[in-house]
Amino acid sequence: MNAGRTLEWDWYPGTIPANVVIDETAYVETSFSFYLFRSAMPAAVTYRRGASTYLGTMFDLGPRGRVELGEYALVHGARIICDAEVIIGDYALVSWNVLFMDTYRLPRGIPGRRQALQRVPGHPLRIADGDVPAQPIRLERNVWIGFEACILPGVTIGEGSIVGAKSVVTQSVPPFTVVAGNPARVIRRLNPFDQRA
Amino acid sequence: MNAGRTLEWDWYPGTIPANVVIDETAYVETSFSFYLFRSAMPAAVTYRRGASTYLGTMFDLGPRGRVELGEYALVHGARIICDAEVIIGDYALVSWNVLFMDTYRLPRGIPGRRQALQRVPGHPLRIADGDVPAQPIRLERNVWIGFEACILPGVTIGEGSIVGAKSVVTQSVPPFTVVAGNPARVIRRLNPFDQRA
Amino acid sequence: MNAGRTLEWDWYPGTIPANVVIDETAYVETSFSFYLFRSAMPAAVTYRRGASTYLGTMFDLGPRGRVELGEYALVHGARIICDAEVIIGDYALVSWNVLFMDTYRLPRGIPGRRQALQRVPGHPLRIADGDVPAQPIRLERNVWIGFEACILPGVTIGEGSIVGAKSVVTQSVPPFTVVAGNPARVIRRLNPFDQRA
């Protein structure tokens, strides 16, 4: 990132928001990843040493959303819908077309949803407020998330665990565990002694 | 929509087909949604009061296909593959990358499928006729369909029910029920007294 | 394909690699399908009589990857991640957004994955070597793969079998069998006597 907060290699003529903190060894493929960014938090997105995000990654952060990308965390392509907090641990690997959502952004009950829908025609952003608080998502270190997986509000994925491709993860996953399926189920335990690093 | 059946805000230089009926309070983001439209039915697509469809919505309607969008129904992005009928009820909310298909458009048996494949190289549209009739899809009022869900031929989703993200719905869903998974299973009943509106 | 190994109808200004063999009755929609092609094998991709691949098909082949498309096999859109071999049988039909991967391209254990991630910031292709050998995928004749299905390393799909939309196939499928779901499960047996052709 240069002084004007643009990226030399960028195909999109955008800038990196002032409240995004990028370590000098980290890599951001494109400023387009911030097209839906609306956070007003200090350090709303933090890239630590060696962290990287590639094309297809979108930071869809609400006004109070916060995201951390740990050391050498690699995000091929994730849509991060975040009104509270999404923490991606050190050496986490996130494949393509993954979705993290810590919020539903819609009323769960019908009366509220109907009211929201009546407001939509006049609303430029098509954004409704949910009636359930956002719940943070956490990936501990060394986690691997397969392509097109979806991680729902409140989920923690424990250290070293693996989420299979196209899984929908509705509950937290313990450390050193392989889950897969829709809904995701435990399919294997890993040996922590082989796996610690 | 103006007199020439174009949309002022459209990025695509197309027109809205003459047999599409749009209430003056409804919203169509782009005429590109009709790129695959081939229906010859009167009122092949109807947008009722406050209904809206956004980028990524595609009306892939065969010659006899019919779609109705109820009052304040909102479709972020759905591919609607329809040779019979897809009815989306009032205040239904459809998220992005949803697929409705009321038809398989291919022979279910191998001999027919082989014949269809032999005809493909000379066929500009790559369209085969199925050997099973299309079966209508119905969403009753106040239904919420999560992103990347897929609704298969003949399915009815009852009033107020919710379909989880990435679900594949192969069977009808009763009213006031939450289903999720691939295949979709019932995961919760909603209290209709809380939910009616 | 003309003498310069370009396609007259191509929207992408590319060429077909010299080690791709295309029968004169076969159809390739675009040379963009070879954008990620890195195979050095003779006949790395073979299109037999009447075979066709359309937009959205990507041959992501490693240096030793090999793909065969049988007679009248039709691939609407598949990402083929192949370091060993993907065989698509005669009259196989592959729908859109399907993924075949015969390889994980990443170390399964954490220490190896961490090392791979540390190398990424300096690596233009973001490609890591796996520590598990690639395992071939085979589709026998007359197979039908539904849209957005995913076929994992080592899977064989038997003659005439059908894989439902959005299925994740982790194990081989016997002939004349319908599987669906994530993970895919057997949901029906087909009668081979009705089905042979």
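Between A:ARG188 and C:ARG185, the FRET efficiency from the beta-carbon distance, with R0 = 25 Å, is close to 0.85.
Mind checking which of C:ILE137, C:MET1, C:PHE193 is farthest towards the positive end of chain C's charge dipole, using Cβ charges of +1 (Lys, Arg) and -1 (Asp, Glu) about the Cα centre? Of the listed residues, the answer is C:ILE137. Computed 3J(HN,Hα) for segment B:162-177, one whole-Hz value per residue from the Karplus formula 6.51 cos²θ - 1.76 cosθ + 1.60 where θ = phi - 60°, is 10, 10, x, 3, 6, 6, 10, 9, 9, 10, 5, 10, x, x, 6, 9, glycine and proline marked x.
Counted residue by residue at 0.36 nm each, then reduced by the alpha carbon distance between them, the extension gain from A:TYR35 to A:TRP9 reaches 7.7 nm. Remark: chain C projects, on average over all directions, an area of 11.8 nm² (convex hull of Cα atoms).
Computed from point charges on the beta carbon alone (+1 for Lys and Arg, -1 for Asp and Glu), the dipole magnitude for chain C about its Cα centre is near 760 Debye.
Amide H contacts of C:VAL173: C:THR156, C:ILE157, C:GLY158, each under 5 Å away and 5 or more positions distant or on a separate chain (H built 1.01 Å from N in the peptide plane; Pro and chain starts excluded).
Pairs of Cα atoms nearer than 8 Å and 6+ residues apart set the relative contact order; for chain A it is 12 percent.
At 222 nm, what value in deg cm²/dmol follows for chain B if DSSP H runs of at least 4 each add -39500 (n - 2.57) and the sum is divided by all its residues, to the nearest 500? Intermediate values should be presented prior to the final figure.
Values: 2 runs with 14 residues, N = 197.
After summing the helix terms and dividing by residue count, I get -2000 deg cm²/dmol.
Of the residues B:ILE145, B:ILE87, B:ILE137, the one that moves most in a GNM of chain B with alpha-carbon contacts below 10 Å is B:ILE87. Dipole orientation for the protein assembly as shown: of the candidates C:TRP96, A:GLY89, B:SER39, A:GLY89 has the Cα lying most toward the positive pole (charges on Cβ; Lys, Arg +1; Asp, Glu -1). Remark: mean inter-chain Cβ contacts per residue of A:170-177 equal 1, using a 10 Å Cβ-Cβ cutoff to other protein chain atoms.
Let me know the mean shielding of C:144-150 by other chains, meaning the per-residue number of their Cβ atoms within 10 Å of its Cβ.
Counting Cβ atoms of other protein chains within 10 Å of each residue's Cβ and averaging gives 4.
Taken residue by residue and averaged, Cβ atoms of other chains lying within 10 Å of the Cβ of C:49-61 number 1. Here the Karplus relation 6.51 cos²θ - 1.76 cosθ + 1.60, evaluated at θ = phi - 60°, turns the backbone of segment A:55-71 into coupling constants of 3, x, 7, 10, 8, 8, 9, x, x, 10, x, 9, 10, 10, 10, x, 4 Hz, with x for every Gly and Pro. Under a 5 Å amide H cut-off, with hydrogens placed 1.01 Å from N, A:MET58 pairs with A:ALA78, A:ARG79, A:ILE80 among residues at least 5 apart or on other chains.
Taking amide H atoms as placed 1.01 Å from N in the peptide plane, the amide H of B:ILE187 lies under 5 Å from those of B:VAL178, B:VAL179, B:ALA180, each 5 or more residues away in sequence or on another chain.
Net charge near B:THR15: determine it from the other residues with C-beta under 14 Å of the C-beta of B:THR15, scoring Lys and Arg +1 and Asp and Glu -1. Before the final figure, lay out the partial values.
Details: positive: B:ARG5; negative: B:GLU8, B:ASP10.
Neighbour charge sum, excluding B:THR15 itself: -1.
Near B:GLY154: Cβ cut-off under 12 Å, other residues only, Lys/Arg at +1 and Asp/Glu at -1. The net charge is -1.
Couplings 3J(HN,Hα) for segment B:132-149, derived from phi with the Karplus relation 6.51 cos²θ - 1.76 cosθ + 1.60 (θ = phi - 60°), are 10, x, 5, 10, x, 10, 10, 10, 6, 5, 6, 7, 10, 10, x, 5, 6, 6 Hz, where x marks Gly and Pro. Each Lys or Arg adds one and each Asp or Glu takes one away; over the other residues whose Cβ falls under 14 Å from the Cβ of A:ARG79, this sums to -3.
No solvent, one uniform scatterer per C-alpha: report log10 I(q)/I(0) for the protein assembly as shown via the Debye equation at q = 0.07, 0.08, 0.10, 0.13 1/Å, two decimals. Listed by q, the Debye log ratios stand at -0.43, -0.58, -0.94, -1.61.
Computed from the coordinates by the stated procedures, all read-outs in this text should not be read as laboratory data. Everything numeric in this text was worked out from a predicted model, so none of it was measured. Glycine gets a Cβ as well: all are built from the backbone with ideal geometry, and neighbour counts include every protein chain shown.
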